[in-house]
Amino acid sequence: MVSALLNTLNEKCYHPDLGKLILRLSIGMLLFHGIHKLEAGVGGIGSMLVAHGVPEFVSYGVYFGEVAAPILIMLGILCRPCALAIIGTMLVAWLLVDVPATFTVNQVGAWGIESLMSYFLMSLVILFIGGGRYSLVSEKWR
């Protein structure tokens, strides 16, 4: 009986392309970080990069990683390359700001780098599974 119920549930809930769409829309939450950068600028990021020996102009890449890439992914355009851009953006953010938070828990019990890792892992999944059927641009490559 339990097996029959599980099989029915599996049949009714098997919609991988819908799941990919929901995942793509979820990565759109990264836009809030990007909008903040559009309003406040990337001067702070540029200063941190310079302190690590990286040219300040590299900080403008955050506009692609936190604004353009999430929008393109939500629309289903160039999902895999945009996922790579977000992965890179999250790695740089981690290295510049959040390495000390890696082994911490905040005041409400969340992992110190929880949101960063969420965007990193969502992008990693999109990189491996693609955007799905409900995309503006098909990713057929086989």
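The 3J(HN,Hα) values that the Karplus relation (6.51, -1.76, 1.60; θ = phi - 60°) gives for the range 46-52 are, in residue order, x, 4, 5, 5, 4, 4, 9 Hz. Gly and Pro appear as x.
A Förster distance of 41 Å, applied to the separation of the beta-carbon atoms of Lys12 and Glu39, puts the FRET efficiency at 0.40. Can you figure out the FRET efficiency of Met29 with Trp111, using R₀ = 25 Å and their beta-carbon distance, to the nearest 0.05? So the FRET efficiency works out to roughly 0.90. Against the chain, whose longest principal axis is taken from its Cα atoms, helix 2-13 shows a tilt of about 60°. The chymotrypsin sites (Phe, Trp or Tyr not before Pro) found in the range 1-81 that occupy coil by DSSP, while having at most 13 further C-beta atoms within 10 Å, are Tyr14.
If only the Cβ of Lys and Arg carry +1 and only the Cβ of Asp and Glu carry -1, the dipole of the range 19-129 around its Cα centre is close to 360 debye.
The slack between Val50 and Leu124, meaning 0.36 nm per residue of separation minus the straight C-alpha distance, is 23.8 nm.
Helix 16-26 axis versus longest C-alpha principal axis of the chain: approximately 30°, rounded to the nearest ten. Scaling against 2.2 N^0.38 Å puts the C-alpha radius of gyration of the range 1-51 at 2.16. For the chain, the longest principal axis of the C-alpha atoms and the axis of helix 79-93 are separated by about 40°. Taken over the alpha carbons of the range 19-129 as equal point scatterers, the Debye sum produces base-10 log I(q)/I(0) values at 0.12, 0.16 Å⁻¹ of -0.42, -0.73.
Each reported figure results from applying straightforward, stated rules to the coordinates on display, with no laboratory input. Not measured: the values here are computed from a predicted model. FYI the Cβ positions are ideal-geometry reconstructions off the backbone, even for glycines, and counts take in every protein chain you see.
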